[in-house]
Amino acid sequence: MTLTRENCAALDARDPLAPLRGQFALDQVDRAGIIYLDGNSLGVLPKTAIARIREVVEREWGVGLIRSWNAAGWIDLSQRIGDKIAPLIGAGPGEVMVADSTSVNVFKALHAALAINPPSPRASAAQARTRILSERINFPTDLYIAETLARDRGLELVLVDRDALESHLDDRVAILMLTHANYQTGHLHDMEAVTSAAHRAGAVTIWDLAHSAGAVPVDLTTAGADFAVGCGYKYLNGGPGAAAFIWANPSHIARLDRDGFRQPLSGWLGHAAPFAFTPDYQPAPGMARFICGTPPVLSMAALECGVDTVLAAGDRGGMTAIREKSLALTDLFMTLLEDRCARVFTIVTPRDHKQRGSQVSIAFAEDLPSVAQGAMGDGYAIMQALIARGVIGDFRPPAILRFGFTPLYTRFVDVWDAVDRLADVMQANEWRDPKFSVRAAVT
Ligand SMILES: *Cc1c(COP(=O)(O)O)cnc(C)c1O
């Protein structure tokens, strides 16, 4: 049976999450005929954020002024929003702090992981744990932060392909640092199995949940993970530049407390008594030490609204329902793509449900031979031509066209229409217009 647009509309009609689309300010986007498949880069604006930011600006800042740090609870935002994110990632209250960016939190987590698993100065070179192991195609900022830290601490950042990770887990590895769902390929690691393998080898794990928090059920506690960081502006819909989060396993928090661990950015709001204004640093107990300075209150207000859009799925099946719809949307996209654009594109994202997040990455098949030789393919121009037709995805070099599916607002008919327009772009060779090859700063 071939699928029709009516089949897709029928799927929307019986989708338990469908009413949650009303949480988002999509009226103008819909009227312009835009299909947004880039929520994995920047989530859509929640309607509540518009009113909430207005309230924070006009009432809390405008009238409350400095009093709002106490009266409006600004000082507790890191903990309060962290506690809302916690159930989405299998963490408990007080275990998640919202602060800084993902990049900065990777830096803090790496330091904390090294405090748990320090390279022994007395061990022989062959025995010392001097390696940070990661995936070659992990998101660059994670790798850049680890590279510089490794240089400064006399460690070695070792990058391998996904299939070689396990064979590189040996007694030289201090930290295994991975992104749960890969930004390029959409490949999802089995967090529990990989964490167990790391622990058997004596390594500590850091998981980046940038592409899984709010999109894929995550259970850090059951997986026995050590540290995690994640992003506020992707599937958590927190707005451009929203603060990120950081988590540590409670057993490590207890140890960090015992050892008086200082995170490297030992700012005053991570101090045990910030308003004592003492000249010496005393880390706050628990995760609060991972806070550095003053939170961006306006931005945090938007992030809280974004996290609330995900929590709103709670009485409709929660993350389980989100995952189910995500897999149905991505399955549908792949099936339609093979129907309509057979052989034009290669699907890079694994078909196996267990091995993918909430995005589908494809490559223009004609590009692949030249890309293998180091050239930049035509994928960028194809994506620009598709965006000109109102389907927004993005491009990651050298050859990946990325489509993110956010079950809270992406409809099955959107998937149909997106593939329909992509097929048109390819059939009419629209993408060959030279204007589509002009690179913007953000791709
Ligand atoms: C999006 C993303 C980031 C973003 O880091 P920022 O500090 O917010 O710029 C980091 N790591 C991964 C894996 C990401 O996907």
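The values are calculated or read from the model by the stated rules, or taken from the named source; none is laboratory data. Remember, it's a predicted structure, so these values are computed and weren't measured experimentally. Virtual Cβ from ideal backbone geometry, glycine too; neighbours counted across all protein chains shown.
Below are the figures for this structure:
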| item | result |
| --- | --- |
| Selection within segment 420-443 - β-branched (V, I, T) and either surrounded by 23 or more Cβ atoms within 10 Å (Cβ to Cβ) or over 20 Å from T349 (Cα atoms) (or both) | V425, V438, V442 |
| Spans of helices (runs of 4 or more DSSP H) in segment 1-68 with at least 2 residues on the phi < 0 side of the Ramachandran plot and over 30 Å from the mean Cα position of the chain (by Cα) | 5-13 |
| Which listed residue, of G293, G318, is under 25 Å from G22 (Cβ atoms) and surrounded by fewer than 18 Cβ atoms within 10 Å (Cβ to Cβ) | G318 |
| Filter pass, L209 being within 16 Å of the ligand (Cβ to nearest atom), surrounded by fewer than 24 Cβ atoms within 10 Å (Cβ to Cβ) and assigned by TED's automatic domain parsing to the domain that holds V106 | no |
| Criterion violated by L88 - all others in (1) away from the ligand (no atom under 16 Å from the Cβ); (2) surrounded by fewer than 22 Cβ atoms within 10 Å (Cβ to Cβ) satisfied | (2) |
| Helices (runs of 4 or more DSSP H) completely within segment 355-429 that count 3 or more residues being modelled with pLDDT of 95 or more and touching a helix residue (DSSP H, G or I) at 6+ places or on another chain (Cβ under 9 Å) | 379-388, 412-427 |
| Failed item in (1) more than 30 Å from N429 (Cα to Cα); (2) buried (at least 23 other Cβ atoms within 10 Å of the Cβ); (3) more than 19 Å from the chain's Cα centre (by Cα), with V307 passing the rest | (3) |
| Given (1) in contact with a helix residue (DSSP H, G or I) (Cβ under 6 Å, 6 or more places away or on another chain); (2) under 30 Å from Q28 (Cα atoms), index of the condition W69 fails | (2) |
| Flag for D171 being in contact (Cβ under 8 Å) with a residue 24 or more places away in the chain and part of a loop (DSSP other than H, G, I, E, B) | yes |
| Search result, residues across segment 345-384 that are in contact with a strand residue (DSSP E or B) (Cβ under 7 Å, 6 or more places away or on another chain) and aliphatic (A, V, I, L, M) | I347, V348, V360, I362, A363, A365, L368, I382, M383 |
